[in-house]
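Here the structure comes first, spelled out in structure tokens, and everything after it is commentary.
Just so it is clear, none of the values below were taken in a lab; they were calculated from the coordinates. The model shown is predicted, which means the values in this text are computed figures rather than measured ones. Note: ideal-geometry Cβ built from the backbone for every residue, glycine included; neighbour counts use all protein chains shown.
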Amino acid sequence: MAPPSEALLSHSIIDDINEQLDKLVHQKDVLDAIILKTSKKTDKVAMANELKILNISKQRVQEDIRNLQLKKIKYEGHEDKNVIMPVSVILERTIFLKIK
């Protein structure tokens with residue numbers, strides 16, 4: 001079991017990841033709005049070029065979101081393993097006493 005300082009570190013990292021995820025989701029929402037607005041333009045050539053760039057940007061943001069979500073899951077798993085569980089200590093003592 002990791003010391004409490006490592007558990008706090010994992011929790012801090014998860015908080016940072018959540019902040020980054022919020023920013024990326026907001027960025028994706030902005031890109032969606034711009035894409036929608038751009039798709040209504042009358043100049044089809046300019047629209048196609050802009051949409052291509054915007055869609056590439058959106059794909060990269062979505063990849064970043066997926067990567068951060070996976071990282072968050074990883075750290076949440078570490079955090080769960082680092083939790084001090086007094087119940088398990090009691091169960092171990094109970095089992096130990098029954099063996100004797």
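Brief remarks on what is shown
- Sorted by Cβ density within 10 Å, fewest first, the residues K37, K74, K44: K44, K37, K74
- Fewest-first ranking of L21, L70, using other Cβ atoms within 10 Å as the exposure measure: L70, L21
- Legend: distances between Cα atoms for K23/K44; K28/K52; K52/K72; pairs beyond 25 Å are K23/K44; K52/K72.
- Among R66, R60, sorting on how many other beta-carbon atoms sit within 10 Å of each Cβ, with the fewest leading, yields R66, R60.
- Residues listed by number, the stretch 12-33, amide nitrogen under 13 Å from D64 label point at 7 Å toward C-beta: 19-31
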